[in-house]
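**Q** Sharing a structure below in structure tokens format, with a few things to ask.
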Amino acid sequence: MKTIETFDFKKKKALIRVDFNVPLNSDFVITDDNRMRAAMPTVKKILSSGGSVILMSHLGRPKSGYEEKFSLKHLVKHLSKLSGAPVKFATDCIGNIPLELAKNLKPGEILLLENLRFHKEEEKGNEEFAGELAALADVYVNDAFGTAHRAHASTAIVAKFFPENKMFGYLIGSELESMDKVLKDSTSPFTAIMGGAKVSDKILIIENLLDRVDNLVIGGGMTYTFIKAQGGNIGSSICEEDKLDMALDLIRKAKEKNVRLILPVDNIVADKFDANASVQEAPIDQVPEGWLGLDIGKESIKEISEVIRQSKTILWNGPMGVFEMEKFEAGTKSVALAIAEATSKGAFSLIGGGDSVSAINKYKLADKVSYVSTGGGAMLEYMEGKELPGIAAINE
Ligand code: AMP
């Protein structure tokens, strides 16, 4: 298989699917350029190898056709600054406009195409539309991990038109490498820490992980479905009543597979869901009537941190409590710190899924863990053991 390392990009035009879905303020100024930065290693590699680059992306969720606030033209200047290369802009992603610009593109130059989702064919995975994109270039590179779980024209279908010349960019490459390190090549003890609001979102991952982990830590809002299922009093804590049987089933499966399932033993309870709520400590299965558990307690923090510190492979998805509020952030912060500590002692740690990524950034620990995944939904589906269309399209 050709890779970005072995392919000769000299005088070639590379069509790269990137994820430039960045937030813009009301003056169309980029407020967080992380996703653009993440694509730069691939862009720069191809430019410095004598190729030219055609970038395609979506931005936001346009309803039908052009919308000023979702135009990629707002990214041109910053893209030029980040890449250090001249950037041309095509006001449409298909048709004569990009075709002409692509034809005249010189080595070392970038052509940015207008938002793919201004055409409904993109999300429908329309083959003709994909063919028009393909006609612009000699080689296809997918570097948009965040959309790899979608069978869209630019993320999967377009690959068909490049049977020989298709490959992953560096970003997808490193995402796959870190996820596979955890799923297929982990060093024991392997601890997965699952948190967040709902167990229903995480059930498939948990099931897939039960065959792989030594320890499974459950925290956050999903804890209470497990506690209630076992007869505990959870007061007004968040709970999915229709998932009680499933929680018991997971507890049973963990036992069968010799996985140590660690549920919190205590928690911080509040009289309302509010940053200024009155709080007290309580055993996890004795939440007072009308109160709600919003963070794990001291004993749980101690036990969970200890397990993490002794682990050699760590996967963290989902906060331990409502960490957005100071009163309920201790659990999440402690987990983040314990993971950083384990990593400094040689463990491999992968953080993924929107809110644990926000947490690790909030505590400024992103560079103290092994890898922070950029793809929320895509990462979850990969961890569930599913084949992602964007990955399969390159591997086929
Ligand atoms: P998720 O997107 O499922 O990972 O959930 C993340 C959200 O879960 C965060 O916004 C947290 O505030 C929330 N969360 C964590 N613990 C709790 C809890 N005990 N009760 C209610 N919400 C929680």
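The values are calculated or read from the model by the stated rules, or taken from the named source; none is laboratory data. Bear in mind the structure is a predicted one, so any value in this text is a computation, not a measurement. With ideal geometry, Cβ positions are generated from the backbone for all residues, glycine too; neighbour counts draw on all protein chains shown. Note: areas computed on protein heavy atoms with side chains; ligands, DNA, RNA excluded. Shrake-Rupley method; radii C 1.70, N 1.55, O 1.52, S 1.80 Å.
**Q** Can residue 339 be described as out of contact with any Pro (no Cβ under 6 Å at 6 or more places or on another chain), of a type outside the set (D, E, K, R) and over 23 Å from residue 212 (Cα atoms)?
**A** Values: out of contact with any Pro (no Cβ under 6 Å at 6 or more places or on another chain): yes; of a type outside the set (D, E, K, R): yes; over 23 Å from residue 212 (Cα atoms): no.
It is false that residue 339 is out of contact with any Pro (no Cβ under 6 Å at 6 or more places or on another chain), of a type outside the set (D, E, K, R) and over 23 Å from residue 212 (Cα atoms).
**Q** In segment 277-315, how many are in contact (Cβ under 8 Å) with a residue 40 or more places away in the chain, assigned to a loop (DSSP other than H, G, I, E, B) and farther than 30 Å from residue 179 by Cα?
**A** Result for segment 277-315: 8.
**Q** Next up: Read through the list (1) closer than 21 Å to residue 297 by Cα; (2) within 12 Å of the ligand (Cβ to nearest atom); (3) touching a Ser or Thr at 6+ places or on another chain (Cβ under 6 Å), then give the number of the only condition that residue 325 fails.
**A** Evaluating residue 325 over (1) closer than 21 Å to residue 297 by Cα; (2) within 12 Å of the ligand (Cβ to nearest atom); (3) touching a Ser or Thr at 6+ places or on another chain (Cβ under 6 Å) leaves (3) as the failure.
**Q** Test residue 289 against the criterion of being more than 14 Å from the ligand (Cβ to nearest atom), acidic (Asp, Glu) and within 28 Å of residue 210 (Cα to Cα), and give yes or no.
**A** Answer is no for this residue.
**Q** Would you be able to say whether some residue in segment 63-72 is touching a helix residue (DSSP H, G or I) at 6+ places or on another chain (Cβ under 6 Å) and open to solvent by less than 10 Å² (accessible area, probe 1.4 Å)?
**A** So far as segment 63-72 goes, no, none of its residues is touching a helix residue (DSSP H, G or I) at 6+ places or on another chain (Cβ under 6 Å) and open to solvent by less than 10 Å² (accessible area, probe 1.4 Å).
**Q** Looking at 366, 378, which one is within 11 Å of the chain's Cα centre (by Cα) and in the same structural domain as residue 333 (by TED's automatic domain parsing)?
**A** 378
**Q** Is there a residue in segment 41-53 that is without any contact (Cβ under 8 Å) to a residue 40 or more places away in the chain, closer than 28 Å to residue 377 by Cα and of a type in the set (Gly, Ala, Ser)?
**A** Within segment 41-53 (the criterion being without any contact (Cβ under 8 Å) to a residue 40 or more places away in the chain, closer than 28 Å to residue 377 by Cα and of a type in the set (Gly, Ala, Ser)), the answer is no, since none of the residues qualifies.
**Q** Go through segment 366-396 and report how many residues are of a type in the set (Val, Ile, Thr) and either open to solvent by less than 10 Å² (accessible area, probe 1.4 Å) or modelled with pLDDT of 95 or more (or both).
**A** Going residue by residue through segment 366-396, those that are of a type in the set (Val, Ile, Thr) are 369, 372, 374, 391, 394.
Now narrow it down to the ones that are either open to solvent by less than 10 Å² (accessible area, probe 1.4 Å) or modelled with pLDDT of 95 or more (or both): 369, 391, 394.
Number satisfying all stated conditions: 3.
**Q** Filter segment 337-365 down to residues that are assigned to a helix (DSSP H, G or I) and open to solvent by 40 Å² or more (accessible area, probe 1.4 Å), then give me how many there are. Walk me through how you get there before you give the answer.
**A** As a first pass, look at segment 337-365 and keep what is assigned to a helix (DSSP H, G or I): 337-344, 354-362.
From the residues that got through so far, the ones that are open to solvent by 40 Å² or more (accessible area, probe 1.4 Å) too are 337, 341, 344, 354-355, 358, 361-362.
Here the count works out to 8.
**Q** If we scan segment 146-155, do we find a residue that is open to solvent by less than 30 Å² (accessible area, probe 1.4 Å), closer than 20 Å to residue 387 by Cβ and outside any loop (DSSP other than H, G, I, E, B)? It would help to see each step written out before you state the result.
**A** So the first thing to find is which residues in segment 146-155 are open to solvent by less than 30 Å² (accessible area, probe 1.4 Å), and the list is 146-149, 152-155.
Add one more test, that the residue is closer than 20 Å to residue 387 by Cβ, and what stays is 146-149, 152-155.
The next check asks that each one be outside any loop (DSSP other than H, G, I, E, B); those that pass are 146-147.
Looking for residues that are open to solvent by less than 30 Å² (accessible area, probe 1.4 Å), closer than 20 Å to residue 387 by Cβ and outside any loop (DSSP other than H, G, I, E, B), one finds at least one in segment 146-155, hence yes.
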